[in-house]
Amino acid sequence: MNTKKLISITGGTKGIGSEIAEYFLEKNWIVLIGSRKKSGLANMKHDNLHFFKIDVKNEKDHQKFYQYARKISKNYTCALHCAGFSSWKSIDKITTNFWDDMIDTNLKGTFLGCKYASKYLKKGGSIINVSSLAGKRGSENNSVYCASKFGVNGLTQSLAKELGKKSIRVNAVCPVYVKTDGLKSALSKKYSPAKGKNVDRFLKRFARDNSALNKIPSGKDVAQLCLFLASNESSSITGQCVNIDCGVMPQ
């Protein structure tokens, strides 16, 4: 059995999740990524990269995924939950199917990940939930996504208290916009803040008008924060929902 540090990442084949996975690979971690389809990063050949199929809405899939993680390395150090999606919609257009899909993916999927990761992580391990700045403040046409991410932050804080007894730390990272294909697709819809217009122009204006640093974070910026939270250097940090937003929302 390999003794290198292992991180599992749900939603690790694309978007922020894949950028986090690639960064941990650069740092010589073993990386297990999971998603519904073997696509994107899962097709890359790398000795330290593993893929396991998982639908984060399905509890049995979680059980199998985290059992597999423990088989890969006894040094199972970090479980990171990044599977999720963003979509803006006005309240009169929100259906129960839309609600169920987003809450089950973003919130229930994160909860189930925490539930099973906590059974297999080594003592002193770390759970990192990828939340959002939308988990700290509401915004127009974003009620369901905000509800899901507020829930992720509450889950993070509660489980930090509960799992601390097992020496497992639980934190969340809360990015503002990170320019991924998923974000660009969501912003291209009519109910988004970009109103379906030029997304690149919208993001530039957002950074200019809202960010203290006149920029928005990259996926690598998020990955670097995650590496810190996964490491012993953050051994006294738990229950925190850390903004990574270039000063959009100072706290």
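When you restrict to C-alpha pairs under 8 Å that are six or more residues apart and normalise by the size of the chain, the relative contact order lands at 20 percent. Let me know the whole percent of all Cα-Cα pairs from the stretch 116-243 that are separated by more than 20 Å. I get 50 percent for the Cα pairs in the stretch 116-243 exceeding 20 Å. In summary, the convex hull built on the alpha carbon positions of the stretch 190-240 has an orientation-averaged projected area of 5.3 nm².
In plain terms, the bigger the Kirkwood radius, the slower the diffusion; for the stretch 51-124, with that radius from Cα pairs, at 20 °C and 1.002 mPa s, Stokes-Einstein puts D at 158 µm²/s.
Average projection, convex hull of the Cα set of the chain: 12.8 square nanometres. Only protein heavy atoms count here; under a 1.4 Å probe, residue 3 has an accessible surface of about 90 Å².
Of 206, 65, 111, the residue with the largest accessible area leads and the full order is 111, 206, 65 (1.4 Å probe). Relative protection proxy for 35-42, 196-203, from highest mean packing down: 35-42, 196-203 (other beta-carbon atoms within 10 angstrom). Here the simple spin-label model places points 7 Å from the Cα toward Cβ, and for residue 71 and residue 218 these points are separated by 3.7 nm. In the stretch 136-207, the convex hull through the Cα atoms has an average projected area of 5.7 nm², a quarter of its surface area. Taking a ≥ b ≥ c as the square roots of the eigenvalues of the Cα gyration tensor, an a/c ratio of 1.5 or more together with a/b no larger than b/c marks the stretch 1-66 as oblate.
Carbon-plus-sulfur accessible fraction, the stretch 102-205 (probe radius 1.4 Å, protein heavy atoms only): 50%. Solvent-accessible surface of the stretch 82-154, taken per residue with a 1.4 Å probe and all protein chains present: 42 Å².
Considering only 239, 23, 94, the residue lying farthest towards the positive end of the dipole of the chain is 23, judged by Cα position with unit charges set on Cβ.
Net length available on complete extension from residue 115 to residue 64 is 17.1 nm, with 0.36 nm assigned per residue and the Cα-Cα distance removed.
The values are calculated or read from the model by the stated rules, or taken from the named source; none is laboratory data. Just so you know, these numbers come straight off a predicted model, no measurement behind them. A quick note on method: Cβ atoms are made from the backbone with ideal geometry, for glycine too, and the neighbour counts reach across all protein chains shown. Remember, those area values only see protein heavy atoms, side chains included, never the ligands or the DNA or RNA. Shrake-Rupley method; radii C 1.70, N 1.55, O 1.52, S 1.80 Å.
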